[in-house]
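Everything on this sheet refers to the single structure shown next.
Read-outs: derived from the displayed coordinates by stated rules, not from any lab. These numbers come from a predicted model, not from an experiment. All Cβ positions, even for glycine, are placed from backbone atoms using ideal geometry, and neighbour counts span all protein chains on display.
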């Protein structure tokens, strides 16, 4: 009887999910397991065999084989990245001169310091793979600039190969035309600032293009305390709004035109905001969901989640080794696409909870899914996140539209740009006021100590609850689609 069950076939999508899970596990192991390079290369060959044989036959009993194949491939990819990082170790504690490219928009740190992510590195005339975390005095540095800096290199964290604190910026080279998407974004952002005052303009720009780094420091802190940071970073929420808008505008004209416009929106948004871990995940998930919708197919959220996990860690294994933004992005996605539909079905059955009810369920689900990571990383939990999201989140699409109209008005009709921008200004002022009021409450957050083994136990319990709700409700998670 057991052999008969094992001879059944399993859907290809679940085999792909197992391979992707194996890749993620292999990349994780590569940070702790040291294997001879010769064995790693042999493992790469075996990984292809172990992956493709089950995919061709699709038998259940071969499922462990494809999982093992994924682990071997992940070990190979992770070991390559570990070898690249190992080149930096002899340089720790030494003064070095580095040239590289500014990867993302700079952050404003403490003591008037800026935080720069530098890649495309050349250290002492030797090209090296990896990304450096660099702090320096406040300077006019843009994404895409070429820098020559000097300072003492120390060991890195997460997916950063090293850190240089208070680096000396010896030279700034701004290529022409440089990062065109960033230039266009900054040009349009300046037009918005001409007709909407700060901090409302910065918040609107954050909604529209995910540019959180231009926000005033006190507003950034207020957003963190209120649990609203996710709406002003380049994230899946911002992109999903734009993709759904593009798809719905043209779906009655042509399905092909609908997908094309939404696809262009994805590419343009990534170019404007930069390929951060959360943005890479969002673009990949939106693109796959869009392709599945076009061909009349449906991705199971778990399969989609694991494909996105595997692709992103193959691109950069460092994401799996401690990138907080990457972890939060996937946790929030799982909360919205897996926990929220299960909770909706469990609480409401076949009835629809309504717009506000749906927003509440999705918000709470995302908070539940990300809470242990946030607590473990920051030692605090927002007590007003649910309320703040209910008061602000439903208005974000409207704020994006009105901010965009204000920017166009500033460019096309500058004489009356201030009048055109009034609706955006009023709405953004309301959002700022709500955020600042909630952040000022004495009980806005709670300090909580959470170790990583407690995080693991939390997620085991959460997964068990999800399995229980799925068994009780028979909820079809495959019907969840980000782009519809």
Debye-sum result for the chain in log10 I(q)/I(0), which assumes one identical scatterer on each alpha carbon, at q = 0.10 Å⁻¹: -0.87
Which residues in the range 312-341 have a backbone N closer than 15 Å to a point placed 7 Å from the Cα of residue 472 along the Cα-to-Cβ line? 339-341
Using 0.36 nm per residue, how much length does the chain from residue 454 to residue 55 gain when fully extended, once their Cα-Cα distance is taken away? 140.0 nm
Counting helices only, and only those DSSP H runs with n ≥ 4, report the 222 nm mean residue ellipticity of the chain as the sum of -39,500 (n - 2.57) divided by its residues, in deg cm²/dmol to the nearest 500. -19500 deg cm²/dmol
Which of rounded, prolate or oblate describes the range 304-385 when judged by the alpha-carbon gyration tensor and an a/c cut-off of 1.5? oblate
Counting pairs of alpha carbon atoms under 8 Å apart in space and at least six apart in sequence, what relative contact order in percent does the range 81-147 give? 35 percent
Per the Debye formula with a single identical scatterer at each Cα and no solvent contribution, what log10 I(q)/I(0) holds for the range 2-86 at q = 0.19 Å⁻¹? -0.75
Full-extension gain in nm, residue 107 to residue 433, via 0.36 nm per residue minus C-alpha separation: 115.0 nm
Footprinting exposure proxy for 179, 218, 350 (fewest neighbouring C-beta atoms within 10 Å first): 350, 218, 179
Taking 298, 142, 474 and counting other beta carbon atoms within 10 angstrom, the fewest-first order is 474, 142, 298
Exposure-ranked with fewest Cβ neighbours within 10 Å first, 193, 248 stand as 248, 193
For the chain, what does the relative contact order come out to in percent, with C-alpha contacts under 8 Å and a separation of six or more? 14 percent
Given R₀ = 30 Å, FRET efficiency for residue 217-residue 411 by Cβ-Cβ distance, to 0.05? 0.55
How many angstrom lie between the C-alpha centres of the range 131-165 and the range 325-350? 36 Å
Run the numbers on the range 2-86 and let me know its relative contact order in percent, using alpha-carbon pairs under 8 Å that are six or more apart. 48 percent
Assuming a viscosity of 0.692 mPa s and a temperature of 37 °C, what translational diffusion coefficient in µm² per second does Stokes-Einstein assign to the range 89-178, Rh being the Kirkwood radius over Cα pairs? 255 µm²/s
On average over all directions, what projected area in square nanometres does the range 341-439 have, based on the convex hull of its Cα atoms? 8.6 nm²
Count the DSSP beta bridges whose two residues both fall in the chain, then state the antiparallel fraction as a percent rounded to the nearest 5. 90 percent
